[in-house]
Structure formats: structure tokens, C-alpha cells
Amino acid sequence: MQDDARIKPQRALISVSDKTGLVELAAGLARHKVEILSTGGSAAAIAQAGIKVVEVSAHTGFPEMMDGRVKTLHPLIHGGILARRDSPDHVAAMGVHRIAPIDIIVVNLYPFEATVARGAPFEECVENIDIGGPAMIRSAAKNHDFVAVVTDPADYPALLAELDAGGTTLALRRRLAGGAYARTGSYDAAIAGWFNDQLGETAPRHLALGGTLAQTLRYGENPHQSAAFYVGGPRRPGIATATQLQGKELSYNNLNDTDAAYELVAEFAEPAVAIIKHANPCGVATAARLSVAYERALKADPVSAFGGIVALNRPLDVDTATLIASLFAEVVIAPAIDEAARAVLGAKKNLRVLTTGALPDPRQPGLLMKSLAGGYLVQSRDIGRVDAASLKTVTKRAPSAAELADLQLAITIVKHVKSNAIVLVKDGMTVGIGGGQTSRVDAARQAVLKATEMARDAGEPGSRARGAVVASDAFFPFPDGLQVALDAGVSAAIQPGGSVRDAEVIAAADQAGAAMVFTGMRHFRH
């Protein structure tokens, strides 16, 4: 078939769950004298608009049955879709069996993803697994030489424009076919993922991934890289569900960093603020009031905070918004924002402000994926958390109540810092963070250096490390990394433990009069 050949359709079959644009499409088809076959609610909507429509059951002579499970699964339907019009054998079979050609298929599927997202019971989810729809879509896409398949109302205008020009082109039919297979692939991936969740399957034999394009991005991490954002998988409050209230379009780096910031701040029960740069926290603090938490998170490292992502785990109020407005930030994300706060931030037109309506649950299981050459690495989300009861004091001195509170804060934050990671916390705020280092000693040095530099810049005597606590994402393999923090004046440490030299590390803490607790849980993050 020539690429520029147009096919003037005789017959279309429409069966859609999403009725957006349905009447306008049907009117356009009728205007071009295309016979319309349809089912159920789609047929009723078309008929109600005064447009002639033929029920599929009337076309096939076979009634819809089994609660609608069987209606389009019929040779008169699939024969009309799959028959090659240039094959004498196919044409002859159509004649013998009185199969009329179907040249356009318009199908969007039962809302399985939406049904799962609203927490419907198992049986309802199963009933929203479409069978006839994907079968027709795949049949039409396979026979795209002759049949146009439309799975998205966004493609209705392009279809009607080609009919106005005399018929569908092979170029459009191929594009629609590719999109159709992507849609059924994404749909099946959602079903497979849901079944895996129901069964507790974390390593299925075949991994099905799917998503829907949410945004085409100007570029990726760098201007020479293309990028896009897709949403899919289990619904989780955060960047994929957020509403952008103002500001410039989100970039690839904005999306990645905002996700990291919001996941971190959701860990805390008390009001908390996290400021993120390059997916690493530069300042995190908790306080009784959100505005105080923000001031302290900013104080932790105001230099790095410039151009950062600000995440809050409480609705954004006007006092906190006024403080944020004095800083150049890229993104602010919170569960909600009050009107007065929105007015304050509205003066900063380029600032991206996002609300989500809820916080992600840090204990909700999920999968994290990373692409490698020729494959994927898949692991469960790090939902491990440490509570006071699970801590093991290994030094002669146990931590005080104040130290224990800071230790728990520090170990929660270190989970969200690139490895190797060291976090210093004092009085509910970070005072030094060292992350992404190839040596744990270097991570400790970086954290202490930050604590010292930030104190100097703020005109404070000494180092903020003095009297702070230290957290390590993995065990100290030698005493040297801990010794860096002890020499700077930290009073307590928290780490997984498990090194063959634990005794040496504990001895170093005891010699300094510091308390140390083991968690038994590592938190690498690469």
C-alpha cells in the first residue's frame, strides 16, 4: 500500500468508558456517512444526541451476555477488523460469512487504574479488567494498513481532520497503532502490578512497566538530554499527584529533587521542613511551629539552600510563606497552602508552588527501579524505621532523652542522603551533612566542615558539631570516621553496627565519654 493512499471509511465501532468528545466524534463520522456501531452507554449517548447508531448485538445477531463480558468477541466484529482488503482469500471469506468491514475502531478501556486508585474491593477491580476492548484495539492496530484505531479522545481531532481531507492516511494509522499498543501494554502492566501487590510478589518472572505521559520536559539533567515525565504504578501522594498553583514549568531536576524532598519531610510526625539540593538535604529541622522549623532548616546551610527545593509536612501558613519569599527557591511543596500564604508567594511569579492534599506514607511498600545496560534493577522502597525500643546501647553511657530525640532525627535524615552519608543533628536541626563520598571518613569530615563553616558564617563561636549527635547510614568499618566526629565534639552516635571492628569503634566512643546506639539496619542510598 502506498504511504499517501487515503482510505475512506465505511463503518466505525465505538465503545468508550471515557465519553469526552464522544458526541462530537460521532457527529463528524455521521457527516462523512460512516455507519456507527456501538455498545451500551456509548450507543445510548450517541442516540440521545440524535445520531444514528447500530447496536453491536443487532449487527452480530448475537445478544450481549454474562453481565457485558461477552459482546464484541464475535467473528463478525473481529473478522471485520482483521480482514486484509487486498487479500482475495480474506475478501472471499468476508463474502461467504457476510462479514462487513470495520474501518475505524474507537475504544478506551474500562477504568481499571482509577478503580484501583480509589481503593475498590478485589472483585470490583477484577470486573474492571477490560477484555473485549484490548482485543479490538490489538486487532485494529495489527491491521493498521486498513483500519484506524483510536484509544484517546485527544486523537479525535486528527482523525476527523483526515476524514475532512478525504480519508485516513497510512501515516496516521501507523501512529495510532503504535499508541494503541502502548496503551494496552500500559493497561496490562497496571493489572499485572496490581496482581503482584495482591499476592505480595516482589520478583515476578516477567516485569511489566507502564505509564501515561504527564509532561514532556524541555530537557533532562542536562540540555543535550531529552526527557519526559510519566505517571503510573500504585497511587502515592507526591509529585505525580501534585497540583501546581503557580510558577514556571517543572524541569527534570525539579521533579527529581521535589520527590526526594517530599519523601523526606513525610517521615516526621511533628512540623518539619526539608530544603533539598541535587536530591540531597542541605537543611532539615523540626519544631512546634512550621515557621520556626523553616528558619532552622535554612539556618543549617543558607548558602546551599539558595535555589533549593523547600518541602513542608504541614499546610503552608502566611508566616512561613513570608520567610520563604525572602529566599530564592525553585519549588515549594506542601500538603496545602492557605490563601494568605498563597498571596505572599504569588508575588514571586517564577516560584513553583505545589500542593498534594496529603503526605506519602513512609511505611507504604513500593518498588524502586533503576535502568542498567540491558535491564533493570528493582528493589523494595526503604521503609525501614528505627524506634527507641529497637535501639541497642553499646557504650558505657546511654544517651540522654535529648540526645535520643536528636539521634532518631539524624538516623531518619541519613536515610535520605546519598551514600556514604554522615549527618550531624543538634536540638532538632541538622548542623552538618556529608553525603555522596567514597570514604566514610571523608563524609564525616565534610559534615564537620559544614558545621564549622556555618557557625563561622553566622558569627557563632566554635563549631556547631560540639554537643551534636552523629548518624551514619552504614557501620563505621574503623574508628577513624567516628573519631572525626568525636574530635569535633559530638556527644552521641547512632549507626547500624555489624563491623568486625565494632569493639574498636565502641572503645573510641567510650574513651570520648560519648553514647552510642546500634540500630541493626543499614540505609545505603545510591
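The values are calculated or read from the model by the stated rules, or taken from the named source; none is laboratory data. Quick caveat: nothing in here was measured; it's all calculated off a predicted structure. Backbone-built Cβ (ideal geometry, glycine too); neighbour counts: all protein chains shown. The accessibility values were calculated without ligands, DNA or RNA, using every heavy atom of the protein model including side chains. Shrake-Rupley method; radii C 1.70, N 1.55, O 1.52, S 1.80 Å.
Using only alpha-carbon positions, what ratio does the radius of gyration of the range 141-185 give when scaled by 2.2 N^0.38 Å?
This ratio for the range 141-185 stands at 1.06.
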Between residue 174 and residue 161, what length comes free when the chain is fully extended (0.36 nm per residue of separation minus the Cα-Cα distance, one decimal in nm)? 3.1 nm
Give me, ordered by chain and number, the residues 5 or more places off residue 246 or on other chains with an amide H under 5 Å from its own placed amide H. 353
Mind checking the angle between helix 401-414 and the chain's longest principal axis? C-alpha axes, 0 to 90 degrees, to the nearest 10. 40
Sequence order, the range 234-242: Karplus ³J(HN,Hα) from phi using 6.51 cos²θ - 1.76 cosθ + 1.60, θ = phi - 60°, Hz rounded, Gly and Pro as x, gives x, 5, 9, x, x, 5, 6, 10, 6
Quick one: angle between helix 252-265 and the longest Cα principal axis of the chain, in degrees between 0 and 90, rounded to 10, please. 60
Interchain or sequence-distant (5+) residues whose placed amide H lies within less than 5 Å of the amide H of residue 316 are 336, 337, 338
Hey, if you drop one equal point scatterer on each alpha-carbon of the range 177-335 and run the Debye formula without solvent, what base-10 log of I(q)/I(0) do you get at q = 0.09, 0.12, 0.18 Å⁻¹? -0.38, -0.63, -1.07
Whole Å is fine, so just give me how far the alpha carbon centre of the range 414-440 lies from that of the range 339-394. 17
Using +1 at the C-beta of Lys and Arg and -1 at the C-beta of Asp and Glu, which of 244, 266, 219 has the Cα lying farthest in the positive direction of the dipole of the range 205-284? 219
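Quick one: putting +1 on the C-beta of Lys and Arg, -1 on the C-beta of Asp and Glu, what dipole do you get for the chain around its Cα centre, in Debye to the nearest 20?
Here the chain has a charge dipole of around 500 debye.
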So the pair-distance distribution of the range 318-444, from every Cα-Cα distance in 5 Å bins, comes to percents of 2, 8, 11, 11, 16, 17, 15, 10, 6, 2, 1, 0
Would you work out the Kirkwood radius for the range 275-357? I mean one over the mean of 1/r across all pairs of different Cα atoms, in Å. 12.4
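Would you mind getting the Kirkwood hydrodynamic radius of the range 67-193 from its Cα pairs, rounded to one decimal in Å?
Hydrodynamic radius (Kirkwood, Cα only) of the range 67-193 equals 15.7 Å.
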Please get the size of the charge dipole for the range 135-206, origin at its Cα centre, with Cβ charges of +1 on Lys and Arg and -1 on Asp and Glu, quoted in debye to the nearest 20. 240
In whole angstrom, how long is each semi-axis of the equivalent ellipsoid of the range 109-161, when you take the square root of 5 times every eigenvalue of its Cα gyration tensor and sort them from largest down? 28, 14, 5
Percent relative contact order for the range 1-96, counting Cα pairs under 8 Å at least six residues apart, stands at 18
Accessible-area ranking of 188, 427, largest first, probe 1.4 Å: 427, 188
Ranked from the most accessible area to the least, with a 1.4 Å probe and all protein chains present, what is the order of 145, 197? 197, 145
Rounded to the angstrom and largest first, Cα extents along the principal axes for the range 1-101 equal 39, 36, 19
Alpha-carbon centroids, the range 209-232 and the range 468-526: separation in whole Å: 40
Just checking my list (1) 54, 34, 23; (2) 34, 28, 22; (3) 59, 24, 19 against semi-axes √(5λ) of the Cα gyration tensor in Å computed from this structure; which label fits? (3)
Would you mind working out the magnitude of the charge dipole of the range 259-336 relative to its Cα centre, with +1 at each Lys and Arg C-beta and -1 at each Asp and Glu C-beta, to the nearest 20 Debye? 160
Taking a probe of 1.4 angstrom, what is the accessible area of residue 90 in Å², to the nearest 10? 70
Expected 222 nm ellipticity per residue - DSSP helices of 4 or more, -39500 (n - 2.57), all of the chain, to 500: -11500 deg cm²/dmol
Centre separation in Å (Cα based) which lies between the range 249-282 and the range 2-50: 46
Relative to the longest principal axis of the chain, what angle (0 to 90°, nearest 10) does the C-alpha long axis of helix 502-511 take? 40
Counting only residues 5 or more places away or on other chains, whose amide H sits under 5 Å from the amide H of residue 230 once H atoms are built in the peptide plane? 214
When the solvent-accessible surface of protein heavy atoms is calculated with a 1.4 angstrom probe, in what order do 418, 370 fall, highest first? 370, 418
Do you know the relative contact order of the chain, to the nearest whole percent, from alpha carbon pairs under 8 angstrom that are 6+ apart? 9
